[in-house]
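Enquirer: Sharing a structure below in structure tokens format, with a few things to ask.
The values are calculated or read from the model by the stated rules, or taken from the named source; none is laboratory data. Keep in mind it's a predicted model, so treat the numbers as computed, not measured. Note that we place each Cβ from the backbone using ideal geometry, even for glycine, and neighbour counts take in every protein chain shown.
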Amino acid sequence: MPLLLNVLRNANDPSNHKLRVKAMEIAVGCDVFRPDAQPLVDALINIQSRTAFTYFRRPDGALTLFPP
């Protein structure tokens, strides 16, 4: 989990968008990471607050960027 949190905190360049989305998918989908839930939520809030884009989960379960 520390590596995933590191990606979410530091991969701020637009070219790392897919990397951050994949890190979110992995982190959100695993019960193993429950002890790190609060740092994960904090990182996601930080990402949300510094970008004009919104991530949401589609009905098929994949994360999507809005606006596309």
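Enquirer: Can you give me the number of residues within segment 20-53 that are loosely packed, with under 13 Cβ neighbours inside 10 Å, closer than 16 Å to P2 by Cβ, modelled with pLDDT of 80 or more and of a type in the set (A, V, I, L, M)?
Expert: Here the count works out to 1.
Enquirer: Just to verify a result, which residue in segment 54-68, among those that are of a type in the set (A, V, I, L, M, F, W, C) and surrounded by 13 or more Cβ atoms within 10 Å (Cβ to Cβ), is modelled with the highest pLDDT?
Expert: The extreme case among them is L63.
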